[in-house]
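Novice: Structure provided below as structure tokens; questions to follow.
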Amino acid sequence: MGEYQVVAGPEAFLPPAAASMGITLPDPGQAHIEGRIVDEDEAYEHAARKMLGAKVPTIFPGPLVLWKWNEKAAKKAQAIRELADSMPARLIPMADYRPKYPKIIPELEINPNHPNLTIWHNKIDVCIFIGVHCHQANLALKIIRGGTDCYTMAMCAQAGHEDACLSFRDISVEKIKKLQTTVERLKKEGVESQALPFTQFRMSRQGRIEG
Amino acid sequence: MNKKVEAQDKRILVSENVKLGEKTPKGQTVTDPNILFNEVERTPSFLTGSEVIRAAIKRANLDVSVAYPITPQSEAAALIGELYAEGYVREYFRGESEFAVMGQCAGASFGGARVFTTTAGPGTLRAMENFPMWAGSRLPIQVCVTCRGINSPLSIQPDTLEMYYLLETGMLVWHAETAQDLYDWILGGFMVSEQPDVHLPLALCCDGFFVTHTKDTVMLQSDEYCIPAYDPYRSPVPCMDMECPPVRMMRDPFIMKSNYISYMTHASWQQEIHAAVERSRKHTLPIMNGSLIETENLDREILIVASGTAVSQGREAIRLLEEEEGIKVGLVKIKSIRPFPTEEVREATANAKTIFVPEFNVKGWLAREVKAILPNNERVVAGPHVAGGMTMPSEVIVDEIKKSLGIAGPRLESRG
């Protein structure tokens, strides 16, 4: 059996957790690409190219950055918005982790218990998780890898995610801005965004703001 | 896959939110564990295992401990009560039963506290439902299991069968050989189990009486130091939140909603727990001197593979075999049972022709674990075993090895 690689699916009816297949998390200053430990700088370049090359690049901000529970969270949220605008990428929130029944609204939200519904509905081919609690992110990343062909990336504030195809660790405002800078540099070098045209929806506590 | 993780340059990672060098209300200095464990001067003390648990908890910056009496852990639980009276432990009370204790520990941990408790034997079994709940809820509670007999007719004496029940709960399971292991791993255990990518409970097991009630020389740091406080903001799940999993699931389990994806969520959840056990490997290396096993003389054709105090008995048996018979035997001490050091044991036993696994339980669970991961596992001799509180004289191990070599020895049956 060869070395396991964390690549886009659909992988299996129930894919294994990457950690159980021998994939280890990066140490500080490192990232991983498809399970291979790399210097963080290599991952910025890879992540930026992946997002620019996608038809439906999407960022999934989680509750740790959607809610202003401290000043750092607010700054991260601002940086994520600017990162999305620079690509451009859609923003679809994971506002919390409650199981949603009878169904979610997949064009407006993603839920860690059935994240594949949002991926399928919007035909998302590359995504970034950010601000999602680690356990919930790993659940969602593995389910996405199991049943969809979406290439997943994680910008984790803690130790990273081996269940993503690419993962940063110890993410800060500065690191989010560094990915934005990388995107802008690549665009100046002639790498064009392949994103299909879209209009970013807006949300309030009551739901979608029309118009 | 249980892949081996290399030890080089691994350090204990500490939350950036804790203030190293700060004084606690008791005047202890919050110290980087890399410095506390490796650089701070240690002096010898002659203590029982129970007293060692007290010594470790005094330096553990502990928020909550919940106690319930059951031999042989009762003394340790009472000594932690002394620490509460002295102000080193922030909250301490007696639960109504072991089941209640583990539920109360969960409540405290859900709320963001560092929690420690102790149990043993039938207490472990009575509390059992809580252990996979702790793991599934990503609660980094530490329970010191002072192993004893579990079945009727009751025995309060040493027996490690209860560890077998803990192996697939999703907890980390370590097996201390000595009081020194116990001391070092209580403190180090918090540092491992509270890492955000691990964040699991730890069952720190030791053999009741042999470790808890015998005195040993233990090297301790000054109690002027303590480890950094638990940082709940690094938790991989939100703190107590009635609307979100894991708490939401306890009142409204999504598995009850019958559709494919909710079952898959539960399956994925289980996989994530065991993935977190795997992730603990690299964080455990700095705590366990760079490896989940310790080895001696691996070039020998006969090896003893053991955990807990069976290692000590094996070590003495090796001395007797060499001095009295000229038979050379090597040793593998397994420190972590979950995660299991699969690759390490495979490498260590690669050249062995016969592998003995002495154990203090009737079923030989460690021998099963070893057999399950080794090629040519007919090399593994599951024994000798003792149980129910029997001692395992080193001569019993010597006799077993000599029998396998076809060497007649004195009969030991009359010693029983």
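Novice: Taking the Cα atoms of the range A:30-189, what is the range of coordinates along each of the three principal axes, in descending order and whole Å?
Specialist: Projected onto its principal axes, the Cα set of the range A:30-189 covers 46, 35, 27 Å.
Novice: Calculate one ³J(HN,Hα) per residue across the range B:84-99 by plugging θ = phi - 60° into the Karplus curve 6.51 cos²θ - 1.76 cosθ + 1.60, and present them in order as whole Hz with x for glycine and proline.
Specialist: Going residue by residue, I get 5, 4, 7, x, 8, 10, 7, 8, 7, 7, 9, x, 8, 6, 5, 4 Hz, with x marking Gly and Pro.
Novice: Quick one: check the C-alpha center-to-center distance for the range B:28-45 versus the range B:54-92, whole angstrom.
Specialist: 20
Novice: Also, I was wondering about something else. At a 10 Å Cβ-Cβ cut-off, how would you order B:W269, A:W120, fewest neighbours first?
Specialist: The fewest-first ordering by Cβ neighbours comes to A:W120, B:W269.
Novice: Okay, next question. Distance in nm between label sites at B:D231 and A:Q78, each 7 Å beyond Cα in the beta-carbon direction?
Specialist: 2.3
Novice: Please report the spacing between the Cα centers of the range A:122-158 and the range B:165-201 in Å, no decimals.
Specialist: 29
Novice: Checking a compactness column here: for the range B:340-393, what do you get for Rg(Cα) / (2.2 N^0.38 Å), N being the number of residues?
Specialist: Working: Rg = 11.7 Å, N = 54, 2.2 N^0.38 = 10.0 Å.
Relative to the rule-of-thumb radius for its length, the range B:340-393 sits at 1.17.
Novice: Under 18 Å Cα-Cα from A:K175, which lysines qualify once same-chain neighbours fewer than 8 residues away are excluded?
Specialist: Within reach: A:K50, A:K72, A:K75, A:K76.
Novice: Work out the length of the dipole vector of the protein assembly as shown about its Cα centre, built from +1 on the beta-carbon of each Lys and Arg and -1 on the beta-carbon of each Asp and Glu, and round it to the nearest 20 debye.
Specialist: With only Lys, Arg, Asp and Glu charged at Cβ, the dipole is about 1780 debye.
Novice: Say R0 is 30 Å: what FRET efficiency, to the nearest 0.05, do B:A78 and B:R11 get from their beta-carbon distance? Provide the component values of the computation, followed by the final result.
Specialist: Values: r = 36 Å, r/R0 = 1.19.
Efficiency, rounded to the nearest 0.05: 0.25.
Novice: Turning to a different aspect of this structure: Calculate, for B:I407 and B:A372, the FRET efficiency according to 1/(1 + (r/R0)^6) with r their C-beta to C-beta distance and R0 41 Å; round to the nearest 0.05. Intermediate values should be presented prior to the final figure.
Specialist: On the way: r = 30 Å, r/R0 = 0.73.
Working from the Cβ atoms, E equals 0.85.
Novice: Per DSSP helix of 4 or more residues, -39500 (n - 2.57); summed, then divided by the residues of chain B. What does that give at 222 nm, rounded to the nearest 500?
Specialist: Working: 14 runs with 145 residues, N = 416.
Computed mean residue ellipticity for chain B: -10500 deg cm²/dmol.
Novice: Can you put B:H213, A:H133 in order, fewest other beta carbons within 10 Å first? Walk me through the numbers before you get to the answer.
Specialist: Details: B:H213 15, A:H133 25.
So the ranking, lowest neighbour count to highest, is B:H213, A:H133.
Novice: Per q in 0.15 Å⁻¹, report the Debye log10 I(q)/I(0) for the range B:29-234, using one uniform scatterer on each alpha carbon and no solvent.
Specialist: Taken in order of the listed q values, log10 I(q)/I(0) reads -0.85.
Novice: Determine how many Å³ per residue the convex hull of the Cα atoms of chain B encloses.
Specialist: Numbers: hull volume 62.5 nm³, N = 416.
Normalising the Cα hull of chain B by residue number yields 150 Å³.
Novice: Between A:D149 and A:W69, how high is the FRET efficiency from 1/(1 + (r/R0)^6) when r is the Cβ-Cβ distance and R₀ = 25 Å? Nearest 0.05.
Specialist: On the way: r = 34 Å, r/R0 = 1.38.
Calculated transfer efficiency: 0.15.
Novice: What's the exposure ranking of B:S65, B:S45, going from fewest to most Cβ atoms within 10 Å?
Specialist: Numbers: B:S65 28, B:S45 16.
Ranking B:S65, B:S45 by Cβ neighbours within 10 Å, fewest first, gives B:S45, B:S65.
Novice: Another question about this same structure. Could you calculate, for the range A:120-211, the ratio of the Cα radius of gyration to the Kirkwood radius, expressed as Rg to Rh?
Specialist: Details: Rg = 15.2 Å, Rh = 15.2 Å.
Using only Cα positions, Rg/Rh for the range A:120-211 is 1.00.
Novice: Length gain on complete extension for the stretch B:N151 to B:N351, per 0.36 nm per residue less the alpha carbon to alpha carbon distance? Working shown, then result.
Specialist: Numbers: separation 200, 0.36 × 200 = 72.00 nm, distance 3.85 nm.
Between B:N151 and B:N351, full extension yields 68.2 nm more.
Novice: Using the alpha carbon gyration tensor of the protein assembly as shown, what are the three equivalent-ellipsoid semi-axes (square root of 5 times each eigenvalue), largest first, in whole Å?
Specialist: Working: eigenvalues 435, 146, 100 Å².
After scaling each eigenvalue by five and taking roots: 47, 27, 22 Å.
Novice: Moving on. Where the eigenvalues come from the Cα gyration tensor of the range B:293-415, what are the semi-axes √(5λ) of the equivalent ellipsoid, largest first, in whole Å?
Specialist: Whole-Å semi-axes of the equivalent ellipsoid: 21, 17, 13.
The numbers here are math on the coordinates, done by the rules we state, and not lab data. Please read all numbers here as calculations on a predicted model, not as lab measurements. Neighbour counts run over all protein chains shown; Cβ positions are idealised from the backbone, glycine included.
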